[in-house]
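Engineer: Next up is a structure, given as structure tokens.
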Amino acid sequence: MKRLNRLRRIPAVEKVLQALGDPDLPRPAVVVVVRRELAALRAQKNIPDFDGVLRQVRSSLQSLRSARIQPLINGAGIILHTNLGRSPLVPAVVRTLQSVAANYNNLEFDLTGGDRGGRASYLEHNLALLCGAEAATVVNNCAAALVLILRHFTSGERKEVIISRGELVQIGGGFRIPEILEASGATLREIGTTNKTSLGDYAKAIGRQTAMILKVHRSNFFMGGFVESPSAEEIAALAKKKRLPFVEDLGSGAVVETEKSAGIEHEPTPEEVLSRGVDLVCFSGDKLLGGPQAGIIAGKPRLVAALKKEPFFRALRCDKLILCALQATVDLYLSGPATDSIPVLAMLGTSTAALQGRAKKIVIALEALPMKTAIGQGESQVGGGTLPRAVVPSITLDLQPLNMPLNDFVARLRAGTPPVIGYVASGRFKLDLRTIFPRQDEELFRAIHTAFADR
């Protein structure tokens, strides 16, 4: 009887739905959440009153709502933040994308002859130009590009892929190069030691089962001290002599001289790597290139053509929106200097004086709030598994609310529209202005004001 009386306190689904009003979510999704929360109450010893039930449901709905992909303000100081979508697209690219997405398009239609056309032929032509290659193609990310290459070259009797132990890296999301090799059906042949690999190690490892030589650029870590590795030219000469394909995974995909942006270290470009004798190179489209997520492959025409004939290639191909965004990004590079138009490169090149000027204006605008506001010194990072030693001096807004706990303040900003992301250090909430667009300064001001609105 007691259990029956307890269960009677659980409100009806419809009553809860009416009390919620309009939660700004599709009704079927709301109904599922309500039913799930009410079902969970059956296992509780103490069932809250109706207002308590509503609070639980609203909390669950807020968790669901916040999971929608939405724009936010990145004050974390990490330019290629993988959790925040990596590279923002150029506004001109977004406009082109919007135009193509809202209409039919010539994705696989030849406007000249009126017949079926080649998919991404224009993009592939210009990608090859940008990479200084004879041919290029694109799949949905760099890991897919590497898997495609490995599957193709190890599809026959030869299965071994030679790679230095010092290049067995782990990339984002816990994916490891050895696991990618195994997933593709290849057999890993490790050579050398973690810190030293010689040309002799490569030569000694080549045998009847060797399918290819793979080099992985250490884009997300570095080694110093007692280290040694042969040059790409030396490995290329050996691979050519043994008639083996030589492939390099560049990962980060810089196509401009990174050392000219904020004085950071040099990152090898596809053009210079191919000029050293590498047969194929692959890299990401949404890192230093500043485009959408994609895996770009460039190199010798016969090898690129063979990859495109692989049945697995169709499973990895990009849709019209990715191809359109990448096409527009590549065209910007080919049309002239892209350091000012590509957001990633523009952020890297922004002076601390410019950031300081913005910070002063924002601090003045926030004076009326119950909060200590100061301008601090920061260090931005490139992120995205790229340029691990590159630290770019930056300017931060240091915020310390006076009438609420710091954690509550941070949570309020994170739950706002748009959400504001930063980091806590020395008892203050810090926002790195290098990764906040100037056009977002007013939005940031309003978001901070809103965080205090209910106090």
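Engineer: For segment 237-277, what are the residues that are hydrophobic (A, V, I, L, M, F, W, C), open to solvent by 10 Å² or more (accessible area, probe 1.4 Å) and in a helix (DSSP H, G or I)?
Structural biologist: Ala237, Leu238, Leu274
Engineer: Next question, about the same structure. Select, from Ala133, Ala143, the only residue that is surrounded by 14 or more Cβ atoms within 10 Å (Cβ to Cβ), out of contact with any Phe, Trp or Tyr (no Cβ under 7 Å at 6 or more places or on another chain) and under 24 Å from Val278 (Cβ atoms).
Structural biologist: The conditions single out Ala133.
Engineer: So, in segment 215-247, exactly how many residues are at pLDDT below 95 and within 20 Å of Leu280 (Cβ to Cβ)?
Structural biologist: 9
Engineer: Would you please list the contacts, defined by Cβ atoms under 7 Å and residues six or more apart or on different chains, that run from a residue in segment 56-83 that is free of Cβ contacts under 8 Å to residues at least 60 places away in the same chain to a residue that is among the acidic types (Asp, Glu) and buried (at least 19 other Cβ atoms within 10 Å of the Cβ)?
Structural biologist: Once the first residue is free of Cβ contacts under 8 Å to residues at least 60 places away in the same chain and sits in segment 56-83, its partners that are among the acidic types (Asp, Glu) and buried (at least 19 other Cβ atoms within 10 Å of the Cβ) give Gln56/Glu37; Val57/Glu37; Ser60/Glu37.
Engineer: Next question. Among the candidates Ala328, Ala338, which residue alone is within 29 Å of Asn106 (Cβ to Cβ), modelled with pLDDT under 95 and either surrounded by 15 or more Cβ atoms within 10 Å (Cβ to Cβ) or of a type in the set (Ser, Thr, Tyr) (or both)?
Structural biologist: Unique residue meeting the criteria: Ala338.
Engineer: Sticking with this structure for a sec: Just need a number here: residues in segment 257-282 that are modelled with pLDDT of 95 or more and within 21 Å of the chain's Cα centre (by Cα).
Structural biologist: Result for segment 257-282: 3.
Engineer: Could you please find all residues in segment 119-130 being of a type in the set (D, E, K, R) and open to solvent by less than 30 Å² (accessible area, probe 1.4 Å)?
Structural biologist: Glu124
Engineer: Only one of Val33, Val53 is of a type in the set (Val, Ile, Thr) and without any contact (Cβ under 8 Å) to a residue 40 or more places away in the chain. Can you tell me which?
Structural biologist: Val33
Engineer: Something else now. Given segment 350-455, what strands (runs of 3 or more DSSP E) lie entirely inside it while holding 1 or more residues that are open to solvent by less than 40 Å² (accessible area, probe 1.4 Å) and aromatic (Phe, Trp, Tyr)?
Structural biologist: 428-432
Engineer: Taking segment 108-152, which residues are of a type in the set (D, E, K, R), at pLDDT 95 or above and within 13 Å of Lys308 (Cβ to Cβ)?
Structural biologist: Result: Glu124, single match.
The values are calculated or read from the model by the stated rules, or taken from the named source; none is laboratory data. Only a predicted model underlies this, so the values are computations on that prediction, with no experimental measurement involved. Neighbour counts run over all protein chains shown; Cβ positions are idealised from the backbone, glycine included. Calculation scope for accessible area: heavy atoms of the full protein, side chains included, ligands and nucleic acids excluded. Shrake-Rupley method; radii C 1.70, N 1.55, O 1.52, S 1.80 Å.
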